[in-house]
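Structure first, commentary second.
Readers should treat all values here as calculations from the given coordinates under stated rules, not as data from a laboratory. These figures come from a predicted structure and were not determined experimentally. No Cβ is skipped: glycine too gets one built from the backbone with ideal geometry, and neighbour counts run over all protein chains shown.
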């Protein structure tokens, strides 16, 4: 494998691994290359990202390599994080949010088992919008991140606590997940509306029904 191709693959792997990142050993095993070669590739990528003024950087934290944003751009990320949350959520993000709300604390793998598809992008979007947050680590191999909903989630839907969520019974399987998720958010919207405004509930949710595509943004 030539060096440029190796770096390109590593960048893609780091993008897909998200905030959990990958160790150099894991990357070496995936690309079937020596650890030393992978290390050299990553060091060169770190320099190239800086020299090219890229919008992301490669970070090495606690033995894990991951992609990260630049601190000097934080003000713009804050604007994105605190922009209206629901209007830009895709169906994937809505499903993920509903699962977290009812099954928290829950890991990404458990979410994906329920949805039947990768959910890294959906989780990333919800974290950025302050609707879910890391609440701990599971007692399992690799100590995966546990996610739960935030106070902002409760505030947005006018809930005093999670006990005020509509009766559970969703997500027993993924067959009707999209329909059940839509019903849940319709119920949450109706809880916030005045009686004479109830018929406008459907207008409050804008859902992108495109199928999950790892190459597309949420």
Hits in segment 124-148 - residues which are touching a strand residue (DSSP E or B) at 6+ places or on another chain (Cβ under 7 Å) and within 21 Å of residue 77 (Cβ to Cβ): 126, 127, 131, 132, 133, 134, 145, 147
All helices (runs of 4 or more DSSP H) inside segment 5-106 with 1 or more residues being under 19 Å from the mean Cα position of the chain (by Cα) and touching a residue at least 24 places away in the same chain (Cβ under 8 Å): 74-81, 91-103
Output for segment 112-168, where each listed residue is assigned to a loop (DSSP other than H, G, I, E, B) and closer than 18 Å to residue 93 by Cβ: 116, 117, 118, 119, 129, 130, 131, 150, 165
